[in-house]
Amino acid sequence: MNILPLAAPQSQLDNPFAVLLGLAVVLVLGGFILIIARRYKRCPSNKILVIYGKTGAGQSSRCMHGGGAFVWPLIQNYDYLSLDPIQIEIPLKGALSLENIRISVPSVFTVAVGTDREIMENAAVRLLGLTLQEVSKQAEEIIFGQLRQVIASMRIEEINRDREVFLSKVQTSLEPELAKIGQVLINVNIRDITDESGYIEAIGRKAASEAVQQALIDVSQQEQKGSIGVAEAQKEQAIQVAEREKVRDIGTKTAERERAVKLAELDKERIIGEQAAKFQQEATVRDSEREMRVSVAGANAQAVTGENEAKSQVARANADLQTAEAEAYQRGETRRREAEAGVREAQYLAEAKAAEAEATKIEAEKRAELEAAAKAQKAQTIVDAEAHAERRRIEAQGEAAAIFARLEAEAKGNYEVLARKGEGMRELIQACGGTSQAFQMLMLEHIDHISETAAKAIANIKFDKIVVWDGNGGEGGSTNTANFVRSLAGALPPALQMMKDIGGVDMPEFLGKIVAEDSNGPPAVESPAEPQDETEPPAGTADGG
């Protein structure tokens, strides 16, 4: 089947009107496509596309950030709002603070058109078609007003001390106002805060002075801490060095003792091992010999048993044969056979006795082996006991050495203490000028303890009552009580003098003193005035039960 190409009719090619109509249709379609392509607008990322005109009921414009949209010719048009940040310098001067002090706050504010739906609509209404200067002027006026309002609500110290709070209040107050014209606040940079009266400068000098004083105090405290830390570190170093030396010495002595003990243990283990190996070898030899003898005896016993059984079978066969022959021969032949049987029985008895003797011999050998094993165990026990005793002796020697070292160290310490005490006593005697003066000084140093001890000695003695018996008066009409008091007063001065000689303590003179010493008698004693006898009841009476 042949397919012929289609061709336009010759009549249509000859008609010029059809050609022109086709060209017009092509041109209209191409122009329409070109118009559609030119009226489709794309929005860059740093701009906002604003389509205005007939955009819908109740809308003055339609804003887009990113993407694209078709702008109908004749009934719609479009424009762009830039999203580039705008820096606005605010040279604010003479703004009144809460204390009515005028301050200057030069600053730089950075604003830009916002991308939220409501803010974009406000920017399309307020800023579309304006120049950059006009937009900056609108924002500048709003910033001036809100900045003055925030400054008027704060104190200078708050503005100067806490910039974060100040900037937060500025941002909170300014953002709603900028949103009304379609802008947002990006950044606030406060350059400096000054006042005409010098109040902020005075606050700065005060703070600087306080900081300098605090720094000096901190330096002094740190130096003090450093000195204390150095002293503590030196003390800790000395303590640690002493501890390490002590640990080193103890470790050295312990290692030496352990080395000696370990060497002794190794020697003991070597000796015990050699003895055990020797005993084991001998026991092995004895076991092998015993097994060999047992096996030989068993073989002999089996051989004897086999021979006896064989002989018994032969005897039974011969007996049967002889019995048969005896039946054929005469009775005399039977007697001869019986005599032969008696002979064989005697042989059997001899062989049994020989086997019994062999068994007795084997049993004796076994008993000897058991005795040898017992003797070996006894010898092993003796070796173990001697090794244990040697170990105990070495341990006792180590403990004795340790005790000796400890006692020697204690003796050295006691010797050092006594030597230092002797040197102190020698210096005290030299400083006091003599042994008696030093003794007096020591007596005075411990007089409180002596008094306390004397008081404790009689503290627990209870006197329920005192009974005084007074008889007739002595010579000169004096009573016994008066004589006792007089003799007591006469004995006081020598005792006081002895206390002075020994302890260096001077007692009051009204207690008595030694007046003179007679060459032929004891020293004369000047006694105090004789006390009145006020303790007497009538002679011959008693006070108390």
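Below is a table of values for the structure above.
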| item | result |
| --- | --- |
| Exceeding the 20 Å Cα-Cα cut-off - candidates 311/361; 278/375; 253/412 | 311/361 |
| Extension reserve of the residue 153-residue 316 stretch, reckoned as 0.36 nm per residue once the Cα distance is removed | 43.6 nm |
| Within-14-Å neighbourhood charge of residue 142 [Cβ basis; K, R +1; D, E -1] | -1 |
| Estimated vicinal HN-Hα couplings, Hz - region 35-42 in sequence order (Karplus 6.51, -1.76, 1.60; Gly, Pro = x) | 5, 4, 5, 6, 8, 8, 10, 9 |
| Distant-in-sequence amide H partners of residue 86 (H built 1.01 Å from N, under 5 Å) | 111, 112 |
| Computed FRET value (nearest 0.05) for residue 444 with residue 231, which takes r as the C-beta separation and R₀ as 41 Å | 0.60 |
| Distance between modelled label sites at residue 368 and residue 27, nm, 7 Å Cα→Cβ extension | 15.1 nm |
| Region 259-274 - phi-based ³J(HN,Hα) in whole Hz, Karplus 6.51/-1.76/1.60, Gly and Pro as x | 5, 4, 5, 5, 4, 4, 5, 5, 4, 5, 5, 4, 5, 4, x, 4 |
| Gain on full stretching of the segment that runs from residue 130 to residue 459 - 0.36 nm per residue minus C-alpha separation | 106.9 nm |
| Calculated from backbone phi, Karplus (6.51, -1.76, 1.60) coupling profile of region 426-439 in Hz, x at Gly/Pro | 5, 5, 5, 5, 5, 5, 7, x, x, 5, 5, 5, 5, 4 |
| Estimated FRET transfer efficiency when R0 is 51 angstrom, pair residue 384-residue 409 (beta carbons, to 0.05) | 0.85 |
| Length added when fully stretched, residue 104-residue 177, from 0.36 nm per residue minus Cα-Cα | 24.0 nm |
| Efficiency of FRET from Cβ geometry, residue 79 and residue 224, R₀ 51 Å, rounded to 0.05 | 0.10 |
| Inter-probe distance in nm under a simple model that places probes 7 Å from Cα toward Cβ, at residue 207 and residue 38 | 6.4 nm |
| For residue 92, residues with placed amide H under 5 Å, excluding near neighbours | 105, 107 |
| Of the GluC sites (Glu not before Pro) in region 120-212, those whose Cβ has at most 14 other Cβ within 10 Å and which sit in DSSP loop | 196 |
| Amide hydrogen neighbours beyond the local backbone of residue 71, cut-off 5 Å, H modeled | 40, 41 |
| Distance in nm between pseudo-label sites at residue 217 and residue 429 (7 Å out along the Cβ direction from Cα) | 6.0 nm |
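All of the numbers you see were taken from the coordinates with simple rules; none came from a lab. These numbers come from a predicted model, not from an experiment. Using ideal geometry, Cβ is built from the backbone for each residue, glycine included, and neighbour counts are taken over all protein chains shown.
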